[in-house]
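The values are calculated or read from the model by the stated rules, or taken from the named source; none is laboratory data. From a predicted model like this one, the values you see are computed outputs, not experimental measurements. Please note: Cβ atoms are built from the backbone with ideal geometry, for glycine as well, and neighbour counts cover all protein chains shown. Note: accessible area is taken over every heavy atom of the protein model, side chains too, but ligands, DNA and RNA are not part of it. Shrake-Rupley method; radii C 1.70, N 1.55, O 1.52, S 1.80 Å.
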Amino acid sequence: ASGSLRIPIFIYHSVRPDFAGELVVQHAYSITPQLFERQLLYLQNNGYTSITLDQLAADIKSGTTSPIAKPVVLTFDDGWENQYKNVFPLLKKYRMTANFYIYTNAIGTKHFLTWNEIKEMDAAGMTIADHTLSHPYFRTTPLNQVRKEIVESKKIIEDHLGKPVLHFASPFGYSNTDIIAIVGAAGYITARTTYKGAYQDNILRLRGFLVSDNFDDFVRKLTL
């Protein structure tokens, strides 16, 4: 699109081994650590550079990704503990960065990240971003509750990390003009949806690609 930059954003959830009896929806939102490492190797071997959401925002503002020729943004939703156990070590191994959207009510509960794990990833250069208090579906949530979810979760993360939280992702990827206005007023500089596309023309309505367990699909989306 005219006036937009091509910066592919990939949206991950769980990164864990497959297990017998898993539900279709569980499998749809997970990939194995082996596949994730294969993806990182492909990025490394084909000249891609993983960038932070701060860098993405700066690129969109300036209208260029230069001097990075092939940027890519890796994002992880929800705050699953397997992201710390299976993703974080591989990111360090390949010297890549990623962005983690957490919803605060889940932190410290079974299968989710702890605040100590979040702080460790933050200290290592990963971006910790916001994903609301309770992960509601905004299409059916009253706007006053949407505002509470967006504003209060931001403060909670900032209190724990001692730094501003500037990036947001809408649960289930839904957004509209009212939500964009609330996000902007809350002080976020980017907001990611799950609307498909690699071209970014609205910093508060970033597009991305949900990651599947199909490696060829990952490669295809890099070049769409």
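The lysine pair tally for the stretch 140-224, using Cα distances under 24 Å and a gap of 8 or more places or different chains, is 4.
A full extension of the chain between residue 18 and residue 139 corresponds to an added length of 40.4 nm, given 0.36 nm per residue minus the alpha carbon distance. If R0 is taken as 22 Å, the Cβ-Cβ distance between residue 34 and residue 92 corresponds to a FRET efficiency of 0.80.
Taking every protein chain into account, the accessible area of the chain amounts to 46 square angstrom per residue (probe 1.4 Å). Summarising the label geometry, the points placed 7 Å from Cα in the beta-carbon direction at residue 152 and residue 199 lie 4.0 nm from one another.
For residue 4, the amide hydrogen comes within under 5 Å of no other amide hydrogen, counting only partners 5 or more places away or on other chains and with H modelled in the peptide plane. Heavy-atom accessible surface of residue 167, to the nearest 10 Å², is about 10 Å², with a 1.4 Å probe and all protein chains retained. Beta bridges from DSSP with both residues in the stretch 41-181: antiparallel share about 10 percent, rounded to the nearest 5. Which shape class applies to the chain: rounded if a/c is under 1.5, otherwise prolate when a/b exceeds b/c and oblate if not, where a ≥ b ≥ c are the square roots of the Cα gyration tensor eigenvalues? It comes out rounded by the Cα gyration axes.
Cross-link reach is defined here as a Cα-Cα straight distance under 23 Å, omitting same-chain residues fewer than 8 places apart; for residue 85 the lysines meeting it are 93, 110, 119.
Residues 119, 196, sorted by accessible area with the largest first, give 196, 119 [1.4 Å probe; ligands and nucleic acids excluded]. Remark: spin-label model distance residue 6-residue 119 equals 4.3 nm, labels positioned 7 Å along the Cα→Cβ axis.
If the segment from residue 210 to residue 185 were pulled out straight at 0.36 nm per residue, it would be longer than the present Cα-Cα gap by 6.3 nm. Each residue of the stretch 181-192 was assigned a 3J(HN,Hα) from its phi angle through the Karplus expression (A = 6.51, B = -1.76, C = 1.60, θ = phi - 60°), giving 5, 5, 4, x, 5, 6, x, 6, 9, 9, 9, 9 Hz with x at Gly and Pro. To put it simply, the accessible area of the chain at a 1.4 Å probe is 53 percent carbon and sulfur.
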